[in-house]
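Enquirer: Mind looking over this structure? Questions follow.
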Amino acid sequence: MRDDLTNRGYLPRRNPAFHVPAAASARSEAAPRAVTDTTGAASPLDAYRVAKEPYYRAVADEIALYEAAYSVRMPMMLKGPTGCGKTRFVEYMAWKLGKPLVTVACNEDMTASDLVGRFLLDANGTRWQDGPLTMAARFGGICYLDEVVEARQDTTVVIHSLTDARRVLPLEKKGEIVEAHPDFQVVISYNPGYQSLMKDLKQSTKQRFGALDFNYPEHEVEAEIVVHESGVGLDAAKKLVHIAEHARNLKGHGLDEGISTRMLIYAGSLISRGVAPLAACRVALVRPITDDPDMRNALDSAVTTYF
Ligand SMILES: Nc1ncnc2c1ncn2[C@@H]1O[C@H](COP(=O)(O)OP(=O)(O)OP(=O)(O)O)[C@@H](O)[C@H]1O
Ligand SMILES: [Mg+2]
């Protein structure tokens, strides 16, 4: 890490002018580790602290790799299919590192101003409101851009100056250059299966990131996660994982995507609340992923093989 990153002086603005969502404010009361400046003032990012240790079952060496990446403030890309643990991982890492986590769900209507901030009109005239990216950069948080490819490329490029050696964010409309706080890091999630030529990250964006591959955990580990998260018994969890493995083999052969860990947790939750396993699997595993009658039959019969 560059020495000047750790030694750079930092003084948060007083009375920051951005909106903290009500839910986040409520969470902040439980947050154990408030950041304060030298005057004792709380940081607006306190509302974004992960108060309680999230349950995360390590699958390989991803925790150590991420910690090493964070220690040099390398921007990180989490790649993997839907529902395999990317968001849970970043929540866990933010908790472990003791850093606030500012999450942005990206979509194609999102503009650079949604990330960076804008002037707002209120009773007292205009005031600047930092966007989530600026807030994380200014006060030192992890900014997690979820499903970043959904954002248009002209929006995504605003992260470029923050994700290379400059670590600055020019606020053109405000005439300010924000120097990233030493704790600041950008993390993006990316689902490699879903990209089209029109919708992909530019190489100049990709090459600013280190990447961790995520996938569904191996059988025993996934069953353990399903038990923990849904409360279903181990036997049933193992059967659910078998069904998922069956469906994952059908990806590209009639299914766009396999059954995710998230779906198994849904099914397990229904079973643990007394729903019959066949009905639970139909509702939580089969019906959501396909409308094709043949494929539904094939998956339903896989379910009956195990339950
Ligand atoms: N390794 C893991 N440890 C603990 N829980 C996990 C793990 N992997 C998956 N889960 C569980 O699976 C659920 C779905 O994971 P998560 O929301 O992190 O998926 P995701 O990869 O972010 O999906 P998406 O791309 O759709 O956002 C989590 O809520 C969590 O309960
Ligand atoms: Mg996610």
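Enquirer: Does the range 48-100 hold any residues that are among the aromatic types (F, W, Y) and either modelled with pLDDT under 95 or part of a helix (DSSP H, G or I) (or both), and which are they?
Expert: Selection gives Y48, Y66, Y70, F89, Y92, W95.
Enquirer: Within the range 211-242, which residues are away from ligand 1 (no atom under 12 Å from the Cβ) and touching a Pro at 6+ places or on another chain (Cβ under 7 Å)?
Expert: A236
Enquirer: Hey, does the range 173-181 have a residue that's in contact with a Leu (Cβ under 6 Å, 6 or more places away or on another chain), at pLDDT 95 or above and within 16 Å of ligand 2 (Cβ to nearest atom)?
Expert: no
Enquirer: Additional query: Going by what's in this entry, would S113 be described as closer than 20 Å to V168 by Cα, small (G, A, S) and surrounded by 14 or more Cβ atoms within 10 Å (Cβ to Cβ)?
Expert: Here the answer is yes, as S113 does meet what is asked.
Enquirer: May I pose another question? So A105 passes all but one of these: (1) under 19 Å from L212 (Cβ atoms); (2) within 16 Å of ligand 1 (Cβ to nearest atom); (3) modelled with pLDDT of 95 or more. Which condition number does it fail?
Expert: With respect to (1) under 19 Å from L212 (Cβ atoms); (2) within 16 Å of ligand 1 (Cβ to nearest atom); (3) modelled with pLDDT of 95 or more, A105 is out only on (1).
Enquirer: Can you name the number of the only condition in (1) surrounded by 15 or more Cβ atoms within 10 Å (Cβ to Cβ); (2) free of Cβ contacts under 8 Å to residues at least 60 places away in the same chain; (3) not in a helix (DSSP H, G or I) that R166 fails?
Expert: (1)
Enquirer: From the list P182, P170, which residue is within 30 Å of S71 (Cα to Cα), assigned by TED's automatic domain parsing to the domain that holds G80 and touching a strand residue (DSSP E or B) at 6+ places or on another chain (Cβ under 8 Å)?
Expert: P170
Enquirer: Give me the pairs: first residue in the range 87-100 and buried (at least 23 other Cβ atoms within 10 Å of the Cβ), second residue in a helix (DSSP H, G or I), beta-carbon distance under 6 Å, and six or more apart or on different chains, which are they?
Expert: If the second residue must be in a helix (DSSP H, G or I), the pairs left are M93/Y66; P100/L45; P100/Y48.
Enquirer: Considering the range 181-225 alone, what residues qualify as being surrounded by 13 or more Cβ atoms within 10 Å (Cβ to Cβ), of a type outside the set (K, R) and without any contact (Cβ under 8 Å) to a residue 60 or more places away in the chain?
Expert: Listed by number, the residues that qualify are Y194, D200, L201, T205, H219, E222, A223.
Enquirer: When the range 58-86 is examined, which residues are found to be in contact (Cβ under 8 Å) with a residue 60 or more places away in the chain, more than 16 Å from ligand 2 (Cβ to nearest atom) and farther than 23 Å from P132 by Cα?
Expert: L65
Enquirer: Sticking with this one: Would you pick out the residues in the range 196-245 that are out of contact with any His (no Cβ under 6 Å at 6 or more places or on another chain), of a type in the set (A, V, I, L, M) and assigned to a helix (DSSP H, G or I)?
Expert: Result: V221, A223, I225, V226, V227, L234, A236, A237, L240, I243, A244.
Enquirer: Could you run through the range 256-285 and say how many residues are more than 23 Å from the chain's Cα centre (by Cα) and surrounded by fewer than 22 Cβ atoms within 10 Å (Cβ to Cβ)?
Expert: 11
Enquirer: Every residue in the range 252-275 that is closer than 21 Å to E224 by Cα and part of a loop (DSSP other than H, G, I, E, B), please.
Expert: If the condition is that a residue be closer than 21 Å to E224 by Cα and part of a loop (DSSP other than H, G, I, E, B), then G258, I259, S260, R273, G274, V275 are the ones that fit.
The values are calculated or read from the model by the stated rules, or taken from the named source; none is laboratory data. Computed from a prediction, not measured in an experiment: that's the story for all the values here. Positions of Cβ are generated from backbone atoms using ideal geometry, with glycine treated the same way; all protein chains shown enter the neighbour counts.
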